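Every number in this text was worked out from the coordinates using simple rules, so none of it is lab data. Please read all numbers here as calculations on a predicted model, not as lab measurements. Virtual Cβ from ideal backbone geometry, glycine too; neighbours counted across all protein chains shown.
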Amino acid sequence: MACFRSHVLVCGGTGCISGGSAQIIETLLKNIKANFLEKEIDVIQTGCHGMCEAGPIVVIYPEGTFYTHVNTEDAKEIVAEHLLKGRIVKRLLQKESLTAQMVPHYRDLPFYRKQVRIALRNCGYINPDSLDEYIAMDGYQAWLKL
Amino acid sequence: MTGDKNNMPKLTNPDELKKLREMAIAEISARHECTYRIIIGLGTCGIAAGGRKIMEAAMEEIARCGLKDVSIETTGCIGMCQNEPLMDIVRPGEPRVTYGN
């Protein structure tokens, strides 16, 4: 089992892919390797977050930082500033984050705080191709009741 | 990049599912809101004193023990440079404990 101190979640929804999120993943991986951070940082492609007008979207945990309209140059800066030095790249923050005193966690953003997600609760949080991640979020638990 | 999990063996009993769930929760614990926090000093002084090695050791130990409620965070210089590498542990209900050197 590997422990990563930080997870970088890049949206792989249709809108963000057409906005170039696959290239963002490539750039992130390349720069993470170049900065010798590959043992600490994991890059995950998630499903759609729902805020497609803000894409491509990158969310960094554990801080819950919500970066929007990210391009490959921005991805380089995210690695150099946020991942390596711990400095949040303010200009890439989603606009609701900027008005708050402290940069809010993803789950506290007004857009998401008001939503109660049921069927879509894992969207943007897990890699939809990973059965392990689905099981971590209580996937297949109904089988235990049989 | 993790997540290429298409070679999963068949689960034949509920205990295997439970075990897999525990392991999987631990793997994605960085995304959850964790009860326990480890904070490593990685400002210029922290990096120079070898804070990254301390962080890697902490990550390895967490992986070895399969802990799922601990998050590892980094911080900048807190001013006590002569005692770097510094590692803080925050447990709920307790004051923050700082370990130096």
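Among the listed pairs A:39/A:90; A:114/B:10; A:90/B:68; A:30/A:90; A:33/B:18, which have their C-alpha atoms separated by more than 32 angstrom in this model?
A:114/B:10; A:33/B:18
Just the C-alpha atoms of region B:20-64: what Rg/Rh do they give, with Rh taken as the Kirkwood radius?
1.07
Sort out for me the Cα centre separation of region A:110-140 from region B:56-88, rounded to whole Å.
Taking the Cα centre of each part, region A:110-140 and region B:56-88 sit 28 Å apart.
Could you pull out every Cys in the protein assembly as shown that lacks a partner Cys with its beta carbon under 4.7 Å away?
For the protein assembly as shown, the answer is A:3, A:48, A:52, A:123, B:34, B:65, B:77, because their Cβ atoms have no other cysteine Cβ under 4.7 Å.
On the principal axes of its Cα set, how long, how wide and how thick is chain B? Give whole Å, largest value first.
Result for chain B: principal-axis Cα extents of 55, 32, 19 Å.
Please state the Cα pair-distance histogram of the protein assembly as shown with 10 angstrom bins from zero: what percent is in each bin?
7, 29, 36, 22, 6, 0
Rounded to a whole number, what is D in µm²/s for region A:40-128 from Stokes-Einstein with the Kirkwood radius over alpha-carbon pairs (25 °C, 0.890 mPa s)? Before the final figure, lay out each step's value.
Values: Rh = 13.6 Å.
Rounded, D is 180 µm²/s.
FRET efficiency for residue A:90 and residue A:53, Cβ-Cβ distance as r, R0 = 25 Å, nearest 0.05?
Numbers: r = 20 Å, r/R0 = 0.80.
The computed FRET efficiency comes out at 0.80.
Quantify how strongly other chains surround peptide A:6-18 by giving the mean number of their Cβ atoms within 10 Å of each of its Cβ atoms. Display every interim value, and only then the final one.
Numbers: counts 6, 6, 2, 1, 1, 0, 0, 0, 0, 0, 0, 0, 0.
Mean partner-chain Cβ count within 10 Å for A:6-18: 1.
For chain A, what is the calculated [θ] at 222 nm in deg cm²/dmol (nearest 500), taking -39500 (n - 2.57) for each run of four or more DSSP H residues and dividing by its residue count? Could the numbers behind the result be given before it?
On the way: 6 runs with 40 residues, N = 146.
Taken over chain A, the calculation gives -6500 deg cm²/dmol.
I'd like the orientation of helix B:51-65 relative to chain B: the angle between its Cα long axis and the longest Cα principal axis, in ° from 0 to 90, rounded to 10.
Approximately 30 degrees, to the nearest 10.
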